[in-house]
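Down below is the structure, laid out as structure tokens.
The values are calculated or read from the model by the stated rules, or taken from the named source; none is laboratory data. Fair warning: this is a prediction, and the values are worked out from it, not measured in the lab. Note that each Cβ is placed from the backbone with ideal geometry, even for glycine, and that neighbours are counted across all protein chains shown.
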Amino acid sequence: MGLTVTEKILKEHLVSGKLVRGEEIGLRIEQTLTQDSTGTMAYLQFEALGIDRVRTKRSVAYIDHNMLQTGPENADDHLYIQSVAKKHGIYFSKAGNGICHQVHLERFGVPGQTLLGSDSHTPTCGGLGMLGFGAGGLDVAVAMAGGEYYITMPKIVRVELRGKLKKGVSAKDIILEVLRKYKVKGGLNKVFEYTGEGVKYLTVPERATITNMGAELGATTSIFPSDEETYKFLKAQGRKEDFVRIEADEDAYYDEEIIIDLDKLEPLVACPHSPDNVVAVSSLDRIKVNQVAIGSCTNSSYMDLMKVANILEGRTIAEDVSLVISPGSKQVLSMLAANGALAKLIAAGARILESACGPCIGMGQSPNTGGVSLRTFNRNFKGRSGTPSANVYLASPEVAAVSALTGYITDPVEYLKDVDIRVEMPDRFLINDNLIIKPAEDGEEVEVIRGPNIKPFPRPKAIGEDIQGKVLIKVGDDITTDHIMPSNAKLLPYRSNIPYLSDYCLVPCDPEFPNRARKQGGGLIIGGHNYGQGSSREHAALVPLYLGIKAVLAKSFARIHKQNLINNGILPLTFSKEEDYDRIDPYDELIIENVLTQLDKDTIMVKNITKNEDYTLLLDITERQRNILKSGGLLNYVKGE
């Protein structure tokens, strides 16, 4: 039996375990990336490992999230990351160079290699046949130190693309269609591998849009083959020597298969407040738009923004619409400026933002009260934009650009009937890497600069005899890391200050949670399905750890957050009977007796002292993860403490 693209790369990088579905495997990681929202913590953890220099082929630190400098905190963190990168062998991408995933795709991604990033959208580089995984900062720190990265051997879903997209329909509509079919938790422990005749009609930037937003499926990762289009892209980036052809064998086995007829696909939109709430744009009534935001790591490529410029050329946005555009990289912005496209965008009424994440993470450009914001981003969780009352819709650059002109969410197919929006892949991209700083050859003399806002991160202790505490909060399904640890413009400057952030933990769900947790000296959390979906941010585990959370009992967990809980010594327990979730109330006193003994089992007995009831919960983890929990977290485990 032949191998899939995924299996070929996994086989090449397998360090431990076997490629058997459902078993834990350890992988050799060749590249890592961090961004400044998660990077400070990742590098503090790397320093704690006591390793002088990274042991990867390439590690890159990006500044792209915390760009608003309304005080010294963000600038201090940037200096810390720059100095620690220079000291320990890490390339540093300065503020203004662009969004980590866009820049990594352009300048560093290599087909067939493995990439681990402290950002959930690291699978973006799957667009050029690289196996990218999002993870918590501690997992990335361990990988930089030469350690393996562990995953459950996933099922592999074949997404066969047939036909060719018609004008006005884009790669964004392909991933929205997959989300419509699979929903936000349908990709758990699965890799989505794209095949079929339609693949050859998609450029690498278009493929990257799909693999990027595949993170919203809860998937392990997504990937395309490395083929002629991959070579064309790498050659245009001056990196043709990085090309390796990787395609699935004809007799490769897939666990699941879906077919998408591209020629029948129509423009789609994800309605509030979830990326899987997908409908056809044509099915919507005239929804008035207040804001249109084009950019993010999903849709900010040169190809995307050239289409937008062609649509807007000679036209003016609707009088009630605010249009903001964030080019994905300095390369993209420079090329738009050089060929006159930037002038077309500005002339139409667009406001040009930095080459950074910006509005996607609530870093500025929050919509008006109760406003409608149409965005080319990957997430539209309630309140993520910075305006809790706003309604955020997700769509393609074509839908966004046309809607900015009409003033309401518009199907672009008919509108663009007589508009030439074709964009050819450049033979040569404009290459200027002067904002990428190389590490020092000898880092011993480099001084690491630490601002006063950088505080020590909490270190869990080895698990004691019993775990006992009150239920501090009970939440429903699809609680995101944005709920657990909000990530807005006011809080992002404090990503390296866990004590400060603790005042905001789970506040979107219950404003009194932080005070209650302190008053009770910690306790437990009860969650519904898909607890911890969304961002890979480790702070959603670190801050609860700081507040004394000992265990989370949920109907199911998102993959990355579950691993982050384990890495920080917090038990992730799953209800064996979902009706038990209904039997537990806030303030119930729970106890898990003889924890160390119970950790060796697949089931954990939890007693509700308040109601005199017993519940059986599942501890669905590997032997290695059990030992991590016994040690009190991954850092202690790796260091043998």
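Only one entry of Ala293, Ala343 meets the criterion of being small (Gly, Ala, Ser) and surrounded by fewer than 24 Cβ atoms within 10 Å (Cβ to Cβ), and that entry is Ala343.
Annotation: Leu553 fulfils all but one of (1) touching a strand residue (DSSP E or B) at 6+ places or on another chain (Cβ under 9 Å); (2) in contact (Cβ under 8 Å) with a residue 40 or more places away in the chain; (3) part of a loop (DSSP other than H, G, I, E, B); the unmet one is (3). Looking only at residues in region 122-139 that are under 19 Å from Ile81 (Cβ atoms) and assigned to a loop (DSSP other than H, G, I, E, B), the one that is farthest from the chain's Cα centre (by Cα) is Gly136. Filtered by the rule that a residue be among the β-branched types (Val, Ile, Thr), crowded, with 19+ Cβ neighbours inside 10 Å and under 20 Å from Gly186 (Cβ atoms), region 231-274 gives Ile260, Val269. Report whether or not Thr616 is in a loop (DSSP other than H, G, I, E, B), outside the structural domain of Lys185 (by TED's automatic domain parsing) and among the β-branched types (Val, Ile, Thr). So Thr616 fails the test. Scanning region 459-487 for residues that are under 25 Å from the mean Cα position of the chain (by Cα) and at pLDDT 90 or above yields Val475, Gly476, Asp477, Asp478, Ile479, Thr480, Thr481, Asp482, His483, Ile484, Met485, Pro486. On inspection, Ile525 does not qualify as in a strand (DSSP E or B), modelled with pLDDT of 95 or more, over 29 Å from the mean Cα position of the chain (by Cα) and among the hydrophobic types (A, V, I, L, M, F, W, C). When region 414-439 is filtered for residues that are in a helix (DSSP H, G or I) and buried (at least 16 other Cβ atoms within 10 Å of the Cβ), only Tyr415 remains. Being among the basic types (Lys, Arg) and surrounded by fewer than 20 Cβ atoms within 10 Å (Cβ to Cβ) is the filter; apply it to region 58-99 and report the residue that is farthest from Asn497 (Cα to Cα). It comes out as Arg58. On the stretch given as region 631-641, residues that are closer than 21 Å to Ile151 by Cβ and in a helix (DSSP H, G or I) total 5.
Regarding Asp503, is this residue under 27 Å from Thr70 (Cα atoms), modelled with pLDDT of 95 or more, of a type in the set (D, E, K, R) and part of a helix (DSSP H, G or I)? For Asp503, the condition - under 27 Å from Thr70 (Cα atoms), modelled with pLDDT of 95 or more, of a type in the set (D, E, K, R) and part of a helix (DSSP H, G or I) - is met. Is it the case that some residue within region 271-278 is under 23 Å from Pro388 (Cα atoms), in a strand (DSSP E or B) and either in contact with a Leu (Cβ under 9 Å, 6 or more places away or on another chain) or outside the structural domain of Ala208 (by TED's automatic domain parsing) (or both)? Looking for residues that are under 23 Å from Pro388 (Cα atoms), in a strand (DSSP E or B) and either in contact with a Leu (Cβ under 9 Å, 6 or more places away or on another chain) or outside the structural domain of Ala208 (by TED's automatic domain parsing) (or both), one finds at least one in region 271-278, hence yes.
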